1. Which count do you get for residues in region B:43-79 that are among the hydroxyl-bearing types (Ser, Thr, Tyr) and within 16 Å of ligand 2 (Cβ to nearest atom)?
2. Going by the conditions given, is C:ILE331 within 14 Å of chain B (Cβ to nearest Cβ), at pLDDT 85 or above and crowded, with 16+ Cβ neighbours inside 10 Å?
3. Of the numbered conditions (1) within 16 Å of ligand 1 (Cβ to nearest atom); (2) closer than 20 Å to B:LEU222 by Cβ, B:ASN99 satisfies every one except a single condition; which is it?
4. Of the residues in region B:60-74, how many are more than 8 Å from chain C (Cβ to nearest Cβ) and closer than 14 Å to B:PRO168 by Cβ?
5. Restricting to region B:27-42, name every residue that is buried (at least 20 other Cβ atoms within 10 Å of the Cβ) and more than 13 Å from ligand 1 (Cβ to nearest atom).
6. What do you reckon, is B:LEU204 surrounded by 15 or more Cβ atoms within 10 Å (Cβ to Cβ), under 15 Å from the mean Cα position of the chain (by Cα) and away from ligand 1 (no atom under 16 Å from the Cβ)?
7. For residues in region C:381-416 being hydrophobic (A, V, I, L, M, F, W, C) and part of a loop (DSSP other than H, G, I, E, B), which is nearest to ligand 1 (Cβ to nearest atom)?
8. Tell me which of these C:ASN209 doesn't satisfy, since it passes every other one: (1) under 13 Å from C:LEU120 (Cα atoms); (2) under 29 Å from the mean Cα position of the chain (by Cα); (3) surrounded by fewer than 23 Cβ atoms within 10 Å (Cβ to Cβ).
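The values are calculated or read from the model by the stated rules, or taken from the named source; none is laboratory data. The structure presented is a predicted model; accordingly, all values stated were derived computationally and were not measured. Here the Cβ positions follow ideal geometry from the backbone for every residue, glycine too, while neighbour counts run over all protein chains shown.
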Amino acid sequence: MFKIFLVNIFICIIFLNYANASNLDPEKILDEVDDLYRSNSSHGIITLSVTTINWKRTLTLEQWSKGEDNSLIKVLKPKKEKGLATLRVDKNMWNYMPKVKRVIKIPSSMMSSSWMGSHFTNDDLVKQSRMTEDYTFSITFEGTREGKDIIEITCIPNKDAAVVWGRVEVIVFRNDYIPIRMIYYDEDLLLSRILEFTDIKIMDGKMIPTLMSMIPVNEPDESTIIRWEKIQFDVSIDDEFFSLRKLQQ
Amino acid sequence: MSTVKSNEIVLLQNIKKDYGQGNVVTEALRGVDLKLVKGDFTVMMGPSGSGKSTLLNIIGGLDRATSGKTIINGQDIGILSNKALSLMRLNNIGFVFQNYNLIPVLTAYENAEYVLMLQGINPLQRREKVMSLLQEIGLDGLENRFPRELSGGQQQRVAIARAVASDPQLVLADEITANVDSETAQSLLELMVSLNQNNKTTFLFSTHDPAVIKFAKRVIILKDGNISNEKLSSVEIEESTHK
Amino acid sequence: MMPKALMIIRIAWRSIWRSKRRTLISIFSIVIGTGLPTFTVCLGWGFYNGLIDDVARLMAGHVTYEHVEYRNSPSIDLWVDDIQAINSALNNNDEVLSTKQMVLLQGVAHTAKGAVGVSLMGIEPSKEISVSFLPDSIVSGEYLSQGDGRRAIIGNKLAERLNIKVGKKFVFTSNDINGELVEDLFRVKGIFKTGSSAFDSYVVQSDINFAREVVGLNSNATSQLGIIVKNPDNHDKILERWQNELASNDGVFLSWRQIMPDIATYIYMDRGSLVIIMIMLVILVQFTMFSTILMSVLERKREFASLLAIGTKHVELNLQIFFETLIFGLIACPIGSFLGVGALKWVEGYDISKLIEANPEDMSIGGFTMDPIITPFFSAPLILQISIIIFLLVLILGIVPMFLVSRISIVDELRA
Ligand SMILES: Nc1ncnc2c1ncn2[C@@H]1O[C@H](COP(=O)(O)OP(=O)(O)OP(=O)(O)O)[C@@H](O)[C@H]1O
Ligand SMILES: [Mg+2]
């Protein structure tokens with residue numbers, strides 16, 4: 001599930017992607033951000049740490065993705081949860097519980113529950129990238145801020161778009177469009193949550209931030225942190241790979 | 001039953017009555033033989049505890065003898081069911097008790113009418129009978145009073161009226177003068193004598209009162225549960241009057 | 001025979017009044033024994049009926065028409081068709097007060113604050129305004145009107161959890177009729193508060209037409225057709241007839257009892273406990289009654305003995321005792337019913353919340369708050385039934401003293 005979450009984050013990023021011409025076309029920049037982790041397909045190892053007021057846990061996950069719509073995530077560690085897997089194909093999600101050897105399709109009523117106890121919901125993971133449909137973009141800052149040369153793209157949801165935010169700001173490095181931070185505001189334009197991208201490393205020949213932290217603003221002591229341990233891009237994966245059968249292996 | 005004995009109202013043969021069980025048995029009656037014929041006006045005397053009430057109850061079908069035969073009007077009542085006994089009491093026997101035992105919620109008139117009612121006599125006949133009876137016993141004008149509104153003597157008159165209203169063949173009266181003064185007692189007895197003479201009603205009395213004897217056609221003495229055959233001596237009468 | 005019976009009645013009647021105190025105690029106990037159940041039962045039934053009616057009007061009617069499978073899994077792909085025809089047939093029916101169509105969607109409402117599972121009721125606003133109390137429960141904003149589209153009303157608890165106010169937006173996620181995930185933006189037009197925390201934290205209402213659009217349902221199909229009948233008491237009979245005459249193959253008419261088994265069970269149990277309390281009370285009252293009857297017989301043993309001595313039959317004495325209790329019953333039961341109804345009339349319309357100053361949620365049944373205004377259920381058959389039951393109980397009690405009479409020993413009683 002975690003991976004799905006990851007996937008989703010990608011999607012979050014992804015939803016910012018849509019290319020257009022022009023030197024500083026915000027949609028083009030978002031498109032690049034989106035492509036950053038995904039390429040055509042990817043395969044990687046992720047560590048997920050969830051901190052809440054009451055507990056903290058860390059999972060190691062293996063993740064495969066292909067295109068926008070297919071992804072599979074399996075838990076490697078801890079042992080207790082090993083084999084737990086989540087498959088997403090289009091808008092559908094399934095969980096595989098190795099202990100009871102059962103596949104469960106996640107019904108819409110469960111979409112709001114937390115995915116693996118993190119600060120993401122199942123629903124977060126499934127959301128389509130409809131960024132262009134749902135938002136209007138504009139570049140609202142370009143220059144140096146906190147010693148970094150950045151571009152700030154502000155995404156304003158379109159009227160009637162199925163978006164809960166009032167505004168989303170995406171901040172990237174001006175030179176390579178590597179994301180630095182995404183800031184989510186609610187409808188009253190109050191800060192709601194922040195997704196930080198740090199620890200930029202070269203992986204499989206690509207410069208990517210290998211650490212993503214999600215901090216809900218109203219619970220500052222809580223967080224969900226995703227770290228890319230390994231990632232390979234453009235690996236060849238069959239479409240059949242994203243099947244219920246694979247889920248159970 | 002047979003025509004020969006058709007005027008035999010009461011025939012008792014060797015009546016015994018024991019009270020209690022086991023070691024403490026009271027022999028109230030020890031083999032009483034008695035015969036009453038139609039029109040008798042009999043007074044039964046005897047000391048207290050001699051069995052007078054017990055005997056009256058057995059004759060009246062209120063109680064059953066331990067042994068012996070009780071034949072009333074030709075019928076052995078010892079073999080009758082309770083229901084038949086109650087019918088026998090209704091149709092053949094009138095009771096007068098020492099303490100009246102009137103129905104407190106019925107008026108003098110209604111008390112007298114009660115038995116007629118149970119017998120299913122039609123209203124007209126009832127009215128005629130009861131009115132003339134009340135007049136005869138000197139209660140006209142008081143017929144709408146309830147028992148508690150009457151004196152003891154008046155109540156006892158109502159009780160007598162009730163007992164004789166249905167023209168029973170036998171009237172049993174247990175110490176009916178005990179609770180009234182001697183004048184009243186006198187008049188009650190005169191009333192019964194006249195009823196005896198006019199209607200040929202058979203009367204059986206129990207009493208301690210020697211004044212009653214002068215009205216009696218026949219006197220029997222009960223002693224220790226037996227009828228004594230001796231002629232009454234005045235001493236005995238004296239004895240029995242002072243219980 | 002007749003004069004004898006009359007005389008027995010006369011004796012019975014006079015015997016009753018001879019001991020006024022005892023008679024008053026007996027009558028009083030029967031009056032209480034009849035009046036109290038009448039009062040409580042009519043009051044309770046009134047509450048239940050009010051509750052049932054409120055909830056039926058709020059939800060899916062006294063009778064609901066829905067897909068046969070819908071009870072097992074209330075999902076949007078189990079809808080009933082051909083609603084227009086059935087609806088117009090029902091609305092021409094004398095027993096029907098109104099009908100309401102509803103499209104029910106299970107899903108999730110999100111805001112920046114979070115996501116909450118909700119049930120979206122697509123309704124016809126004009127119908128709800130005439131039928132349901134929800135339009136009167138709006139605490140901020142306004143109720144829906146036709147053509148409101150994305151505008152929705154939500155419960156106050158839900159609004160709190162989503163941190164949302166009138167005019168603000170939320171995203172609703174659900175499955176359409178093909179099982180595909182759909183997401184739509186809604187704006188809060190109004191916030192309601194029914195007092196039922198289950199309802200207030202779970203329900204979203206929007207115009208049915210928009211709800212249909214969201215899930216791809218045609219305008220002749222709906223999840224439920226709720227039917228408000230004029231006389232909810234006999235809805236079961238009508239329901240069967242409709243099933244035969246109107247229902248399509250996969251449609252079924254159900255009673256509110258099947259639609260809301262929680263409330264039905266709760267009411268059933270609550271009624272049960274009410275009845276048990278009533279029975280205990282009645283037993284207590286009957287016991288008083290019984291002891292006074294018993295006493296009156298024991299006190300009159302001598303009187304009965306003398307009646308027996310002069311030729312009265314046992315049956316006739318029993319008849320007398322029977323008449324005595326009969327007279328008690330005949331006098332006291334109607335008075336009891338009358339006083340019970342009088343007391344009900346007296347408390348009718350009173351607002352109990354003033355009395356107990358309780359949180360309205362303390363007075364909820366199955367999550368739904370009872371109307372605090374007392375509205376007794378005046379049903380002549382019900383009141384009569386209670387009266388007759390108590391009356392019969394009194395008569396049955398009268399049997400016991402008869403055994404005593406049959407065991408009277410005349411000789412013993414008469415010995416002065
Ligand atoms: N139910 C009873 N149980 C036991 N003994 C009884 C019972 N009834 C009467 N006896 C006894 O039987 C005897 C006869 O009693 P009974 O009442 O016939 O006397 P009596 O001649 O009428 O006396 P009195 O003149 O005082 O009325 C008495 O010794 C009495 O104690
Ligand atoms: Mg005696």
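1. 4
2. no
3. With (1) within 16 Å of ligand 1 (Cβ to nearest atom); (2) closer than 20 Å to B:LEU222 by Cβ applied to B:ASN99, the lone miss is (2).
4. Counting residues in region B:60-74 that are more than 8 Å from chain C (Cβ to nearest Cβ) and closer than 14 Å to B:PRO168 by Cβ gives 3.
5. Those that are buried (at least 20 other Cβ atoms within 10 Å of the Cβ) and more than 13 Å from ligand 1 (Cβ to nearest atom): B:LEU36, B:ASP40, B:PHE41.
6. No; evaluated as a whole, the condition is false for this residue.
7. The selected residue is C:ALA416.
8. (2)
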